[in-house]
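What follows is a single structure, written as C-alpha cells, with notes after it.
The values are calculated or read from the model by the stated rules, or taken from the named source; none is laboratory data. No experiment lies behind these values; they were computed from the predicted model shown. Glycine also receives a Cβ, built like all others from the backbone with ideal geometry; neighbour counts cover every protein chain displayed. Only protein heavy atoms, including side chains, enter the accessible area calculation; ligands, DNA and RNA are left aside. Shrake-Rupley method; radii C 1.70, N 1.55, O 1.52, S 1.80 Å.
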Amino acid sequence: MSDKPDNTPVNDAPDYASTLYLPQTDFPMRAGLPRREPEFLARWNEIDLYRKLREQGTREKRDRFVLHDGPPYANGNIHIGHALNKILKDLIVRSQQMLGKDSNYVPGWDCHGLPIEWKIEEQYRAKGLDKDAVDKVEFRKECRVFADKWIDVQRQEFKRLGVTGDWDDPYLTMSYDAEAQIAREIMKFARSGQLYRGSKPVMWSAVEKTALAEAEVEYHEKTSHTIWVKFPVIATDDPALADASVVIWTTTPWTIPANRAIAYGAHIAYGLYKVTGAPEENWAKAGDLYVVADALAEEIFKAARVESFERVAAVDPKVIKRCAHPFRGLDGADGYWDFDVPVLPADYVTDDAGTGFVHTAPGHGADDYVTYLKHKPVFADCGTTEVPHTVAEDSSYFPHVPFFAGLQIYDHKGKDGKANTAVIDKLAEVGALIARGRLKHQYPHSWRSKAPLLFRNTPQWFIAMDKPVAILDGKTLREVALAAIAKTEWVPESGENRITGMVENRPDWVVSRQRAWGVPITVFVHKETGALLADDRLDQAIAESFEAEGADAWYQNDPAFYLAPLGYDPAEYERVDDILDVWFDSGSTHSFNMETRPDLAVNRIVDGGRDQVMYLEGSDQHRGWFQHSLLEACGTRGRAPFDIVLTHGFVLDEKGMKMSKSMGNVVAPQDVIKDSGADILRLWVAASDYADDLRIGKEILKTFVETYRKLRNTIRWMLGSLHHYKPAEAVDPAQMPELERFVLHRLAELDEAIREAYRRFDYKRVIFLLNGFMTSDLSAFYFDVRKDTLYCDPPSSLARKSALTVIDRCFDCVVTWIAPILCFTAEEAWLTRHPDALSVHLETFPEVSAGWRDPALAERWARVRRVRRVVTGSLEIERNAKNIRSNLDAAPIVHVTDPELLAAVEGLNLADICITSDLTLRSDEGPADAYRWDDVPGVAVVFARAQGTKCARSWKISPDVGSDPDYPDVTPRDAKALRELKAMGA
C-alpha cells in the first residue's frame with residue numbers, strides 16, 4: 001500500500017489519516033549535501049571529534065592502527081587522484097576505529113624538492129630574474145612561503161572531503177624538527193658506511209639541472225636519430241679482418257664522442273660481410289668489409305642502401321681485440337680520440353635490433369658503466385684510465401671536447417639541440433657513417449618537467465645496496481629489504497612481486513641532488529683522503545642547529561661554526577652542499593612522525609605486540625615512496641616501517657582515457673562537491689575496485705547519485721517509522737513472527753560479512769552488501785510487506801511492535817556500517833535518531849547476537865520470496881493492462897506443486913506477503929494459461945479480483961468490512977486499532 005493513502009474526508013466520512021502510524025521525520029528526502037556537509041564539518045570541529053576519538057582509544061586501551069600518510073606535494077590545488085587517495089585513507093581510518101581499534105591518521109606534506117622549486121623558478125623567469133643570482137637562503141625562504149600557502153589550501157580541500165585527522169598538527173618535511181631528523185637519518189647512513197660518493201652515470205635532467213632517481217622517471221614516446229657507424233679493426237687474431245670494420249647502431253649519436261669500447265654477445269652468430277654493389281655516392285661502398293650479426297645483416301644493408309653483398313666468413317668476435325674510434329687521428333682533435341677501442345663480451349647484447357654490437361660510452365649508460373668496471377684493466381691498457389666527462393649539467397659538451405664544445409643535446413626547454421646533428425655530420429664527413437634513420441620509441445623523461453633525460457657521468461652521493469653492514473648484522477641493505485618485503489602484508493597481493501622485482505634489480509640509491517630547496521647532505525669530507533668526518537658531537541651540533549634555524553643553518557653558517565668548536569681545521573674539509581633526494585625526505589617521515597608522537601607510538605606485531613602500521617598510496621609508489629621508506633628504515637633500523645601496504649590505481653575518464661585539460665575530460669573534485677556533495681565522491685571511491693584504474697565522469701556520477709538516493713530514502717523511511725517506536729515495547733526475538741526473525745538472521749549474516757570486508761579493506765563489497773540489503777531485502781521486500789502492519793495495526797499488535805524493534809536494530813546496524821563511507825549522511829541520520837549523541841563516528845559497529853542466525857529459517861524465506869516473485873510478476877501484468885490499480889485489488893489463486901516451495905509457504909499469510917487483499921493457495925498444477933515464470937518452476941498464478949468492500953482506512957478489500965457496527969467502513973483489524981486509539985485518547 002502507499003505510504004500516504006488518500007484518506008481525505010468525503011462528505012461526513014471519518015478522517016482516518018490521523019489514525020495511521022505513518023512515517024514522520026525531519027530527515028529530508030533531498031539531501032542538500034553541498035549545503036549540509038560544511039555544517040557537519042563545523043560541528044566536528046566544535047566538538048573536537050578527532051581529539052575525542054583519540055581519548056576513546058586511550059580510555060578503552062584499544063590496539064592501535066596507524067595509517068601513516070604518504071605526503072602529497074604542497075604545490076597546487078588537489079585533483080581527483082588526491083580525492084581518491086585521501087577518501088580511501090579515510091574509509092580505512094574510520095572503519096578501523098569502528099571495528100574497535102584506535103585508528104589514527106596524521107596528514108603530512110612533502111615540502112622540498114623540484115615541484116616547489118620549479119614553481120619559484122617559473123615566477124623568476126616571468127619577472128626576468130636569474131635564480132642563480134639570488135642568495136640561496138633567500139630563494140629557500142621563498143620556497144617555504146610558497147609551500148606554506150598551498151598547505152593551507154590543500155588542508156581545507158582535504159577536510160572538505162570529510163577526511164578525519166589531526167589537521168591542526170600535521171607533519172611537514174620542512175618543519176625544523178623534521179629537517180633536523182632527516183639530517184640525523186642521512187648521518188646514520190654515513191656513520192654505518194652505507195653512504196659513499198662515486199662517479200657514475202645517472203639519469204640527468206638538463207632542464208632541471210639535477211640527477212633524478214628511477215622513481216622520478218617516466219617513459220614517453222620520442223623520435224630519435226639512428227645511425228650505423230663503422231669502427232675500423234686495428235688489432236685482431238684473424239688476418240682476414242685486417243681491413244674490416246665493426247658496425248655499431250645507436251639512437252643517441254651524441255654519445256659517440258664518449259665512446260670507449262664495443263660490446264658483443266657471446267651467444268650471437270657473427271659474419272664478415274663484403275659490399276659487392278652500391279650506388280656511387282653511397283656511404284657504404286663496394287668492397288667495404290663489415291662485421292655484423294648474421295641475423296641483422298640484411299636489415300643493415302637495406303638501411304645502408306647496399307644493392308648487393310656477400311657473406312665472406314663466420315667471425316668469432318673474440319678474435320677482434322681492438323678498433324679505432326671514428327674520430328681517431330683527426331686534425332684539430334689534438335689526439336682526443338687517439339686511444340684504442342676494446343671489443344668486449346657483455347650479456348646484455350642481443351641480435352633483436354641494431355647490428356649485434358653495442359657502442360659503449362661508460363659515462364652515459366648504466367650497462368656501459370658496468371662493462372667499464374668489469375674490464376677496467378683492459379680500458380687502462382687501451383688508454384682510458386677513467387670514465388670520461390664529456391657533457392655538462394646543461395647537456396652541452398664541455399669545452400675540452402673537440403669539434404662539439406658548447407653544443408647542447410637538449411635546450412633549456414627540453415627540445416633537441418644541435419649536438420646530435422653535429423655528430424652525425426662529422427661522422428659522414430670522415431666516412432664513418434654507413435646509414436642513418438629515425439625511430440619512434442619509449443624514452444625516459446622527467447616526471448616533473450616532462451623533458452627527455454640523458455645518462456650523465458657526475459659525482460653523486462649513493463647509498464650502497466650490496467655492501468655488508470655491521471649494524472645490519474653483516475647483511476646488505478638489499479638482503480634486509482627483501483626479507484622485510486616478505487614479512488609485509490600487501491594489498492593486493494601482487495604488490496609483493498612487483499616491489500620484490502624492483503628491489504632485486506635496483507642500482508645503488510642516488511640520494512644527492514644539485515638543487516637548492518631541500519635538506520642538505522650534512523657531511524664534511526676530508527679534502528686529501530676523501531674520508532667522511534665521523535664525530536657524534538658534530539652530528540649532534542648539526543641537528544641542534546637545524547632544530548633552531550631549520551636546514552637553512554647549513555648555508556647560513558660557515559663550516560667553522562660546526563668544526564672549530566670540536567677542534568677541526570675547516571680548511572681541511574669540504575662541506576657538501578648537495579641536497580637530498582626528496583624520496584629520502586619522505587622515506588624518513590616515519591622517524592619524525594611515528595617515532596616522536598605519543599599518540600602514534602606503536603607496539604607492532606613484528607615486535608610481539610598487537611598494533612599495526614599501514615602505508616597507502618598509488619601503485620606507482622612501489623617504485624617511489626614505499627620503496628624508499630623501506631630502504632631508509634631497513635638501512636637504519638633493520639626492518640620495514642610498515643606492516644601493511646595497500647595500493648590503488650589511477651583515475652581515468654569515462655572512456656578509460658587519461659585526463660588532461662586539453663582534452664576537456666578533467667573531473668575536478670571541487671566541482672563534484674559543489675554539484676553533488678562529498679558523500680557522492682566517497683560512495684564512488686568505496687564502490688570502485690581501487691586495485692585497478694578507476695573511471696569517473698558525469699554519467700558514472702549520475703549512477704552513484706541514484707544509488708545514494710535509494711540508500712538515503714531507505715534510511716529516511718526507517719527514521720520515519722521509528723518515530724512511533726518505544727524502546728520499552730521492544731520485543732524479544734523469540735517472540736517475534738518468522739519474518740522479523742528472518743530479517744534478524746540477515747543482520748547477523750551481514751554483520752560477519754561486513755566486518756570481514758572492512759577488515760580486508762574491501763569497500764566495494766561493503767557497498768555491494770549494503771546496497772543489496774537496503775534496496776532489495778528491506779525496501780523492496782520487508783518494508784513493503786510490513787507497511788500495512790506498521791501503519792494500520794492496533795497499538796497492541798505484537799507484529800507491529802516486532803517490526804519496529806527490528807527496524808530499530810536495522811537502523812543502528814545500517815547507519816554505523818555505512819558511516820565510514822557516507823560520513824556526512826550517516827552523521828545526519830544518527831543525530832536525527834539520537835539527538836543527544838555526539839557523533840556516529842564515536843560508535844563501534846553494533847554487537848549482533850549470534851543467536852539471531854537461523855539458516856533453516858533463511859532457506860524457508862528464500863523459497864517464500866521465490867513464490868512471491870511469481871505472484872508479483874503476474875500482478876504487474878494486470879496493472880500494466882489497467883485491470884487493477886494496485887495489488888490490493890487482487891486475490892490471486894496460487895498453484896504450487898514444488899513440494900519444498902509449498903511447504904515453505906504453508907501456514908503463512910501469503911496475502912500479506914504478496915500485498916494482496918486475499919490469496920488462495922492450492923497444491924495442483926493450475927490451468928494451462930496460468931502465469932508462470934521459468935526461473936521458478938512449480939508455481940502458477942491465476943488472477944482473481946478481490947471480493948468485498950474496500951476498507952476506508954487500510955484500503956484492503958474484504959467481505960468483513962462493516963462487521964463491526966461501531967466502525968462500519970473498516971475491517972475488524974482496523975476497527976480494533978481505532979477502538980484502542982480512542983481508549984488511549986489518540
Cα-based Rg and Dmax for the stretch 653-724, where Dmax is the largest Cα-Cα distance (Å): 15.2, 57
Within the stretch 290-399, GluC sites (Glu not before Pro) in DSSP loop having at most 10 other beta-carbon neighbours inside 10 Å: none
Å² per residue, accessible surface of the stretch 915-955 at 1.4 Å: 58
Rounded tilt (10° steps) of 855-880 against the dominant C-alpha axis of the chain: 80
Hull shadow area, averaged, the stretch 21-146 [alpha-carbon convex hull, nm²]: 13.3
Highest-first arrangement of 269-276, 643-650, where packing means the average Cβ count within 10 Å: 643-650, 269-276
Cα shape, the stretch 728-873, gyration tensor, a/c 1.5 rule: oblate
Heavy-atom accessible area per residue - the stretch 554-708, 1.4 Å, Å²: 40
Computed over the chain: relative contact order in percent, which uses C-alpha pairs under 8 Å that are six or more apart: 14
Of all accessible heavy-atom area on the stretch 342-396, the percent that carbon and sulfur account for (1.4 Å): 49
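How many percent of Cα pairs in the chain exceed 47 Å?
So the pairs more than 47 Å apart make up 47 percent of the total in the chain.
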Percent of C-alpha pairs per 10 Å bin, the stretch 465-504, short to long: 30, 47, 21, 3
Volume in Å³ per residue [convex hull over Cα atoms, computed for the stretch 642-781]: 163
Kirkwood Rh (inverse of mean 1/r, distinct Cα pairs), the stretch 172-243, angstrom: 18.3
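Show me the three semi-axes of the equivalent ellipsoid for the stretch 564-607, from the C-alpha gyration tensor (sqrt of 5 times each eigenvalue), largest first, rounded to whole Å.
Numbers: eigenvalues 251, 51, 17 Å².
They are 35, 16, 9 Å, listed largest first.
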Order by protection proxy (mean Cβ within 10 Å, highest first), peptides 95-104, 869-878, 602-611: 95-104, 869-878, 602-611
Ranked by how many other beta carbons lie within 10 Å on average, peptides 235-244, 680-689 from highest: 680-689, 235-244
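If you roll a 1.4 Å probe over the stretch 106-245 with all protein chains in place, what percent of the accessible area is carbon or sulfur? Provide the component values of the computation, followed by the final result.
Working: 2570 of 5220 Å².
Heavy-atom surface of the stretch 106-245 belonging to carbon and sulfur, 1.4 Å probe: 49 percent.
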The stretch 865-967: relative contact order in percent, alpha carbon pairs under 8 Å with at least 6 residues between: 31
Prolate/oblate/rounded label for the stretch 348-484 (Cα gyration tensor, a/c 1.5): prolate
Degrees separating the helix 798-818 axis from the principal Cα axis of the chain, which is the longest one: 10
Cross-link table 89/698; 52/674; 188/487; 302/426; 131/426; 274/418, entries beyond 27 Å C-alpha to C-alpha: 52/674; 131/426; 274/418
Fraction in percent of alpha-carbon pairs per bin - 5 Å, the stretch 838-980: 2, 9, 16, 16, 14, 12, 11, 9, 7, 4, 2, 0, 0
Angle between the chain longest axis and helix 625-637 axis [Cα atoms, degrees, rounded to 10]: 70
Å³ per residue enclosed by the Cα convex hull of the stretch 444-523: 169
Whole-percent carbon and sulfur share, accessible surface of the stretch 803-861, 1.4 Å: 49
For the stretch 281-327, average projected area of the Cα convex hull in nm²: 4.3
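Take the eigenvalues of the Cα gyration tensor for the stretch 292-427, scale each by 5, and report the square roots as semi-axes in whole Å, largest first.
28, 21, 16
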Across 710/764; 61/159; 230/318, pairs whose alpha-carbon gap is larger than 25 Å: 61/159
Pairs of alpha carbons in the stretch 222-345 whose separation is greater than 23 Å (percent): 32
Longest to shortest principal axis, alpha-carbon extents of the stretch 101-223, angstrom: 49, 46, 38
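Could you tell me the ratio Rg/Rh of the stretch 912-986? Both radii from Cα atoms, Rh via Kirkwood.
When Rh is taken as the Kirkwood radius, the ratio is 1.17.
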Computed over the stretch 560-705, Kirkwood Rh from alpha-carbon pairs, angstrom: 19.4
